[in-house]
Structures are given as structure tokens and as C-alpha cells.
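Engineer: For reference, the structure I am asking about is given below.
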Amino acid sequence: MRKLPRRIRPTAVRALLATGLAGAVVTTGLAGSAHAASTLAGSAAAKGRYFGTAVAANHLGESAYASTLDAEFNAVTPENEMKWDAVEATRNTFTYSAADQIVSHAQSKSMKVRGHTLVWHSQLPGWVGSLGTTDLRTAMNNHITQVMTHYKGKIYAWDVVNEAFQDGSSGARRSSPFQDKLGNGYIEEAFRTARSVDPNAKLCYNDYNTDGQSAKSNAVYAMVKDFKQRGVPIDCVGFQSHFNSASPVPSDYQANLQRFADLGVDVQITELDIEGSGTAQATSYGKVTTACLAVTRCTGITVWGIPDKYSWRSSGTPLLFDNNYAKKPAYTAVLTALGGTTGGGGGGGTATCTTTYARTNVWSDRFNGQVTVTAGSSAITAWSVNVTFTSPQKVSTTWSGTPTWDSSGNVMTMKPNGNGSLAAGASTSFGFTVMTNGNTNAPTVGACTAS
Ligand code: XIL
């Protein structure tokens, strides 16, 4: 996740717009030799996607769990910790400790976080269902506002509404306190409230049994189409993708993702798990991965847990790692579909990073520069970038990094402030203000080195 320079003043923005220099981004410092990635996150990042997992806070202390998470994934979804019963069991008393643990772990590794979920009929405390209509509306909007405010700026995408439609052929809305008391309009209201709280989070509708064309997915499709036409804020649709032999990967899985993407929303695979074992399971996992990659707006895949033993349906062994965190054939199928290569040799796992430079603000006597550091196809724990300025330029301030200077005073070596961990493909930025003293040249950003 990108950190922005702390100080962006309205006057600076006007100056920037006036000079037309906004968005001048230069790619620099391509470091490291190209090699196929050997992790899920790394190979997904190489395809411009994230690869995530559901995480339970109470497992983070288990070293094999945490090390598998950190090595293989660059996105997380709290499995239960952000649900209504977890954060607001009692009206207006908010408890974030478990979810915060997951979010801070993710942030320390620059992993994306999917927020799950704001409005859902399940894992809903009893008090919500007992409210009258007016009170329920207030409670729903308050819940969205409080939770999204607490996590503002930290969430890549929110499942604003989860599972609002019925299974079967009716295409009808599912009965819930929200549906029954507030009527169809509650979904729209939830999205509008969500947008007003955190305009930078992507807002998703999420559901299951919508993975192929069906009466249920058609109903969701009609809703999303209507929202897009009327300007109701929606950015993405999540496809849970819980599969087993009774509910296998549909043959039109990719086509279904594509028709939603064609409405102008991102699509994400949000809770993937496929019961089974061996080759059959691996083949299904490969199909899902290939389908996502074939849809430009499929921005990432999240599996619903790390080892089978912690799956919500562990008896079906539906995940990519076995109970001892060994990689299953399903893992290899996903990695291969992502274009990655399995372990050992060939330089897989080498720490690399790249940089881009942008001039973000311009004044008459100075400008701000920003360097974004992006980890390559493996997670990194530290990075270093040299930035060379032209005399008589002087750097008056820097942020989001720890600089040291050479004896000429022109070459700055920037290293992370404390923790330099970045998940594969994840980015961070540092910045500086350059007093031009008459010279407006862009600095030279040298190669990025990582370890
Ligand atoms: C599941 C969790 O995995 C379980 O631990 C919990 O007991 C019940 O919920 N659809 C969703 C997820 O959107 O939140 C559900 O997660 C699985 C189905």
C-alpha cells in the first residue's frame, strides 16, 4: 500500500496542475535478473494480481502459520474478526482488537487487506434483529460508519454487503432483518454510506453460488447493472467460490466473471476453497486460477484459509496446504497456472525491487519528489535506493525513510524507517523536498537493492 507524502497543500496542488507536471512518472532502477516466481504472491504479482488468504487472529502466533502466510500471500481477509458479532456485539460498543492484529500484521508486510464484512444476515448479533425500522437503519449506517472509519485508509476492498440473495430459481432477495424491515433499498443505502466514509476503498458486493450463470447470479448481475446505470457507488463483485462435488467449478466460470467485469466493476475471487484431493482438486484449482487471469478486471484471488486443519470445512481438505503446511498438488496447480515455478534452482526466491520516480508537487523555489519501491516476485525484508541530486540543489526535508548522505552532499542513500518488509509485488514510497536554487533537474534514482 502506498504512503502519500504527509503534506499536500491546496496551493501546491494548484501549482502542480498549472505546470502540468502531475503524474509524470518515470520508471527507473530495474534491478535483479528476471526469473519466474516461486510463490503464490510473487507469481500473482508478476501478473498484476494479488494472492490472498483468510486469516484467523488466533493462529498468528503459530510460527509455521505466520511464515507460510508471509512467504506465500500478499493479501489477507480476516476470517471472522471484522464481522458484526465480532466488532459490535453490543450496540455502539466497538471491539477491534482481534481484527487490528490481522491488519497490523498485514501492514507490517505491505499486504492488502479485504474488509469482510459490513452488512450480512449471518454472524449478526441478536440485538440488530430486534430493532424497529428507523432504529435499524440508524444502526446499519452507524455500524458501517464506525467500522470503516476505524480502518480508513487501510482497506483495499470492503465486502459492503454479503449474501443478500436467495439460492434457487427465484432470484429473490434473502430474508434478513435488513431486507425485511428496510426493503430492497438497504443495499444501495449501505453502499452510499460506505462511499461517504472511505472514498478510497473499493466497495464490493460478495456472494456464493453466483460463480456461474444462474437465477441467483442473474439477479446479482441485474442489481450491479442497475447500480452502475444509476451511479450507485459499487466497484467490485466478489465470487466466494466454495466448491465441492455437489457444487463444482461451473464450466462457464470465466464467462460469468467476464460478464460482470463488462459492467465496469472489478471482480475478485474472495473465499476460494475446493473440497477433494490429489489431481482432481488440483485441476479445479488450476481452472479457477486460469479463469481469473483470463479476465483483465479479475484483480486477485483469496483462498479461505492456509492449512486444511484450519478450514471452516476441514473434513473436505479444501485448501492448498496440508495439516503440516506441506504444499499439496492443488498448490502446484495454482502456482503453475500463475506462471510460477516450483522451488529450488533458477534463482527463484531472490530478493529484488524496482523503483519509479514522480515529481508530485512544484513551487517556484522547490519541488517534491516521490520514489516508490516495489518488491519483485519474492517478499523482501529490506531495501536501499541511491538518489543523486544536482548541485546547487539542496534537499530540505525527507519523509517515510531514513536517509544517509555521501561526502559530496549530493547522493542520498534511502533505507526503510524501521521495518522494510514488503510482500512480493507490494510497494512503499518515500519522498523529499528539493530546493532548486535555480536548477529544476529531476534527481537520478539509482538501482534498488533488496534483501
Ligand atoms: C465462515 C468462517 O470461515 C467460519 O469460521 C465461521 O464459523 C462461519 O463463517 N461465506 C462467508 C464467510 O462470507 O464469512 C464464511 O466464513 C463462509 C461463507
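FYI, it's all coordinate maths here, none of it is from the lab. Remember, it's a predicted structure, so these values are computed and weren't measured experimentally. Neighbour counts run over all protein chains shown; Cβ positions are idealised from the backbone, glycine included.
Engineer: In segment 416-436, what residues are free of Cβ contacts under 8 Å to residues at least 60 places away in the same chain and surrounded by fewer than 16 Cβ atoms within 10 Å (Cβ to Cβ)?
Structural biologist: N417, G418
Per-residue answers, yes or no, for (1) of a type outside the set (D, E, K, R); (2) in contact (Cβ under 8 Å) with a residue 24 or more places away in the chain; (3) assigned to a strand (DSSP E or B):
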| position | (1), (2), (3) |
| --- | --- |
| G340 | yes, yes, no |
| A351 | yes, yes, no |
| R359 | no, yes, yes |
| Q370 | yes, yes, yes |
| V373 | yes, yes, yes |
| T397 | yes, yes, yes |
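Engineer: I'd like to know if segment 296-305 contains one or more residues that are away from the ligand (no atom under 13 Å from the Cβ) and out of contact with any strand residue (DSSP E or B) (no Cβ under 6 Å at 6 or more places or on another chain).
Structural biologist: yes
Engineer: Determine which member of the set A106, A46, A157, A71 is within 16 Å of the ligand (Cβ to nearest atom) and of a type in the set (G, A, S).
Structural biologist: A157
Engineer: Show me the helices (runs of 4 or more DSSP H) found entirely inside segment 31-124 where at least 1 residues are within 19 Å of M148 (Cα to Cα).
Structural biologist: On the way: elements: 40-46, 63-72, 84-87, 97-108.
Qualifying helices (runs of 4 or more DSSP H): 84-87, 97-108.
Engineer: Then there's this: Checking G264 against (1) touching a residue at least 24 places away in the same chain (Cβ under 8 Å); (2) more than 21 Å from the chain's Cα centre (by Cα); (3) farther than 26 Å from T336 by Cα: exactly one of these is not met. Which one?
Structural biologist: It fails just one condition, (2).
Engineer: Just one of the numbered conditions (1) in a loop (DSSP other than H, G, I, E, B); (2) over 24 Å from V76 (Cβ atoms); (3) of a type outside the set (K, R) is not true of N200; which one?
Structural biologist: N200 satisfies all of (1) in a loop (DSSP other than H, G, I, E, B); (2) over 24 Å from V76 (Cβ atoms); (3) of a type outside the set (K, R) except (2).
Engineer: Show the residue pairs that are 6+ apart or on different chains and have beta-carbon atoms under 7 Å apart, the first residue being within segment 62-81 and within 15 Å of K154 (Cβ to Cβ), the second being within 16 Å of the ligand (Cβ to nearest atom) and part of a helix (DSSP H, G or I).
Structural biologist: Between residues of segment 62-81 that are within 15 Å of K154 (Cβ to Cβ) and residues that are within 16 Å of the ligand (Cβ to nearest atom) and part of a helix (DSSP H, G or I), the close pairs are V76/I102; P78/A99; P78/I102; E81/A57; E81/A98; E81/A99; E81/I102.
Engineer: Cβ-Cβ under 8 Å, sequence separation 6+ or interchain: first residue in segment 145-172 and under 17 Å from D100 (Cβ atoms), partner among the basic types (K, R) and more than 16 Å from the ligand (Cβ to nearest atom). Which pairs?
Structural biologist: Within 8 Å, the pairs are Y156/K112; Y156/K202; W158/K202.
Engineer: Quick test of your reading of the structure: A447 fulfils all but one of (1) in contact (Cβ under 8 Å) with a residue 60 or more places away in the chain; (2) in a strand (DSSP E or B); (3) crowded, with 19+ Cβ neighbours inside 10 Å. Name the failing condition by number.
Structural biologist: The number of the failed condition is (3).
Table: residues versus (1) surrounded by fewer than 22 Cβ atoms within 10 Å (Cβ to Cβ); (2) over 29 Å from K202 (Cβ atoms).
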| position | (1), (2) |
| --- | --- |
| L272 | no, no |
| A280 | yes, yes |
| G286 | yes, no |
| A294 | yes, no |
| G300 | no, no |
| Y310 | yes, no |
| S315 | yes, yes |
